[in-house]
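Down below is the structure, laid out as structure tokens.
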Amino acid sequence: MKDKLDKLIAAASEAVASAKDQIQLQQVKSCYLGKKSELNRLMKQLGTLPREERPEFGKKINLAKQEVEKLLKAKDEELKSSAYQTALVKDKIDVTMPGRKLGKGSLHPITLAERIIEDVLIGLGFEVAEGFDVEDEFHNFDALNTPEDHPARELTDTFYLGKDVLLRTHTSTAQIRVMETHKPPIRIISFGKTYRNDNDASHSPAFHQIEMLVIDEGINFADMKDMLNLFVSRLFGEKIGTRIRPHFFPFTEPSAEMDVQCVKCDGAGCNVCKNSGWLELGGAGMVDPYVLEAVGIDSEKYTGYAFGMGVDRIAMQMFNIPDMRMLFENDIRMLRQFG
Ligand code: DAH
């Protein structure tokens, strides 16, 4: 019996030694320790032996089993460590090799224009307020004194997401949001996307606006003109002239539109300004007392002005972009030029 087991161990040892990888080692394991192995067969015979011989016999088989397991384990470790060594050599990285260059992204021209304008206005003492793209009728229309039957409220002009849920049609909503939560004095600007049901060569359904709001005691129309002139001169330079034309907005009274001299031809007339010498900058006016009252600000005590302008057209002028659609097509060849 002892002899038989010794031979078995010797054979197992030889088989283990000749295993070249984990797969072969696994085969050796199942051959010597598996269900159909000799050791297992001997173990099963245990029951057929006389009772007094069983412990001795069982012990020997177990010892033999342990011996084979030990051999397998040692070989397993050896194989693993040599696989590790091979990998170390094979996967060696030369850290002195030059790296692969990663392209640097660039800011979108609209973001660039926004940042330039933001810098100028922060320099003039404004704080930046956040608004929401998704709004309700109160903030987009009612509180801004827009009549129930105003055409801007129509489905053809405004994107409704549900009953009383819409995509804001202008950043003037930020005026209401700020006045609801802040007491005067207020001096804020707010940037963001605005949405209208418009889509052609010169209109995009999603565009960008900047809103300005100043509320304090004793603010008048001359303060507004002063501020807007200062803003234009900081943005386009001292020599660019401005003019103010009467206009109508439901949320301001009186209302005006401001034009700047064409930044391309300095007012001489060119294709950008359609030979008029002027470019429309945005709308402005003294905040209507109805708007102040809608947000609980005493219109007897406080007055203020507001101003709103589109960013997309300004970005086109700043960077000489001939077609509005180029701003939204995301052609990488065009965007890269702003890196
Ligand atoms: N909300 C207006 C629009 O989208 C622009 C505007 C006009 C904003 C006059 C103002 C303002 O703050 O006072 O056309």
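Structure shown: which of 101/193; 44/75; 183/274 lie over 32 Å apart, alpha-carbon to alpha-carbon? Beyond 32 Å between Cα atoms: 101/193; 183/274.
Computed from backbone phi, the HN-Hα couplings of the range 258-274 come to 10, 10, 10, 4, 4, 6, 7, 10, 6, x, 6, x, 7, 5, 5, 9, 6 Hz, rounded to whole numbers (Karplus: 6.51 cos²θ - 1.76 cosθ + 1.60, θ = phi - 60°; Gly and Pro given as x). Electrostatic bookkeeping for residue 121 treats Lys and Arg as +1 and Asp and Glu as -1; over the other residues with beta carbon under 12 Å from its beta carbon, the sum is -2. Loop-resident GluC sites (Glu not before Pro) (DSSP state other than H, G, I, E or B) in the range 118-168 with no more than 13 further Cβ atoms inside 10 Å of their Cβ: 130, 148, 154. Shown in residue order for the range 298-304 are the 3J(HN,Hα) couplings computed by the Karplus curve 6.51 cos²θ - 1.76 cosθ + 1.60 at θ = phi - 60°: 5, 7, 6, 8, 10, 9, x Hz (x for Gly and Pro).
Per-residue SASA remark: residue 107, around 70 Å² accessible (1.4 Å probe; ligands, DNA and RNA not included). A DSSP coil position with no more than 16 other Cβ atoms inside 10 Å describes the following GluC sites (Glu not before Pro) in the range 223-326: 238, 300. Looking at the range 109-338 alone, DSSP beta bridges between its own residues are antiparallel in about 95 percent of cases. Using θ = phi - 60° in the Karplus curve 6.51 cos²θ - 1.76 cosθ + 1.60, the 3J(HN,Hα) couplings for the range 143-151 round to 5, 9, 6, 8, x, 3, 9, 5, x Hz; x is entered for Gly and Pro. Each Lys or Arg adds one and each Asp or Glu subtracts one; over the other residues with Cβ under 13 Å from the Cβ of residue 331, this totals +1. Between residue 256 and 247, 284, 285, the built amide H atoms are under 5 Å apart, and every one of these is 5 or more places off in sequence or on another chain.
Give me the lysines in straight-line cross-link reach of residue 80: C-alpha distance below 19 Å, same-chain residues under 8 apart excluded. The reachable lysines, counting only those whose Cα sits under 19 Å from residue 80, are 20, 29, 70, 90, 92. Each Lys or Arg adds one and each Asp or Glu takes one away; over the other residues whose Cβ falls under 10 Å from the Cβ of residue 249, this sums to -3. Of the trypsin sites (Lys or Arg not before Pro) found in the range 125-183, those in coil by DSSP whose Cβ has at most 11 other Cβ atoms within 10 Å are 163.
The values are calculated or read from the model by the stated rules, or taken from the named source; none is laboratory data. Since we're looking at a predicted model, the values are computed, not measured. Backbone-built Cβ (ideal geometry, glycine too); neighbour counts: all protein chains shown. Surface areas here come from the heavy atoms of the whole protein model, side chains and all, with no ligands, DNA or RNA. Shrake-Rupley method; radii C 1.70, N 1.55, O 1.52, S 1.80 Å.
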